[in-house]
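Notes to accompany the following structure.
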């Protein structure tokens, strides 16, 4: 996968996550999840973007590792939403987000592993 493709996928994931969060009810427990998920989903893409201008190999690996960590968190919050929210949201979109977060976790994890081996 080209770097640019991954950057685009991370961006689309962030935007799609924000869009689905707008459809959730405005209740205290969902507000907490919304806040956490917006932070983690956008942070993953932002850290990956930052990794592309890393000052060293270690800096690159660190930023991608943070991106991976944030994607893991995003997957967690998405799965919670799937279990607790009983509203008229787009189930297919939520499933896509969960599956995309798994794929992105795998891609980011592979980048970290390969980068460590080359170190």
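The values are calculated or read from the model by the stated rules, or taken from the named source; none is laboratory data. A quick note: this is a predicted structure, and the numbers were derived from the prediction, not measured. Every residue, glycine as well, gets a Cβ built from its backbone with ideal geometry; the counts of neighbours run over all protein chains shown.
Numbers below:
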| item | result |
| --- | --- |
| Search result, residues across the stretch 59-87 that are exposed (fewer than 14 other Cβ atoms within 10 Å of the Cβ) and either touching a residue at least 60 places away in the same chain (Cβ under 8 Å) or on the phi > 0 side of the Ramachandran plot (or both) | 87 |
| Of all residues making up the stretch 1-13, the number that are in a loop (DSSP other than H, G, I, E, B) and touching a helix residue (DSSP H, G or I) at 6+ places or on another chain (Cβ under 8 Å) | 1 |
| Breaking point among (1) crowded, with 20+ Cβ neighbours inside 10 Å; (2) closer than 30 Å to residue 117 by Cβ, for residue 11 | (1) |
| Residue identified as closer than 16 Å to residue 112 by Cα, part of a helix (DSSP H, G or I) and either in contact (Cβ under 8 Å) with a residue 12 or more places away in the chain or touching a helix residue (DSSP H, G or I) at 6+ places or on another chain (Cβ under 6 Å) (or both) among 16, 44 | 44 |
| Selected residue [surrounded by 14 or more Cβ atoms within 10 Å (Cβ to Cβ), within 17 Å of the chain's Cα centre (by Cα) and at pLDDT below 95] from 20, 38 | 20 |
| Residue match in the stretch 58-65 (condition: under 13 Å from the mean Cα position of the chain (by Cα), at pLDDT 95 or above and closer than 16 Å to residue 109 by Cα) | yes |
| The lone exception for residue 2 - which of (1) loosely packed, with under 14 Cβ neighbours inside 10 Å; (2) modelled with pLDDT of 95 or more; (3) under 28 Å from residue 116 (Cβ atoms) it fails | (2) |
| Hits in the stretch 25-41 - residues which are touching a helix residue (DSSP H, G or I) at 6+ places or on another chain (Cβ under 9 Å) and closer than 15 Å to residue 74 by Cβ | 33, 34, 36, 37, 38, 39, 40, 41 |
